[in-house]
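Colleague: Below: one structure in structure tokens.
The values are calculated or read from the model by the stated rules, or taken from the named source; none is laboratory data. From a predicted model like this one, the values you see are computed outputs, not experimental measurements. Quick reminder, even Gly has a Cβ in these numbers, built from the backbone with ideal geometry, and neighbours come from all protein chains shown.
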């Protein structure tokens, strides 16, 4: 339980720092918008409770898909297909900078503890995917 609380507090700190960036804030607004649209749609079309609609929207975009809820109407199925293609990209775009920030901070801490001369064999190269690893970005 303590581990979970530590992780939650760390995540909230990262989120608070990242919200200072206007691009990140716009991604957050898009995530909220896409979850709201999905929740309203499933509540009205599939006649699910609000919480069930939000739950389905989140697990669908997070690609968890427990299978406990599935759209029954044709309109619901068509919407879900489009919703996944649009929403998954938005959610990945929101989560990726958080992961980059966390990895960058951990690498900075490691470098402070173990300062080494930079040589090609100890450099990371993720082609810019994970931020400014070893000064690449």
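Colleague: So residue 34 ticks every box in (1) more than 22 Å from the chain's Cα centre (by Cα); (2) at pLDDT 90 or above but one. Which box is left unticked?
Modeller: With respect to (1) more than 22 Å from the chain's Cα centre (by Cα); (2) at pLDDT 90 or above, residue 34 is out only on (1).
Colleague: For region 24-42, give me the residue count where each residue is surrounded by fewer than 16 Cβ atoms within 10 Å (Cβ to Cβ) and free of Cβ contacts under 8 Å to residues at least 60 places away in the same chain.
Modeller: 8
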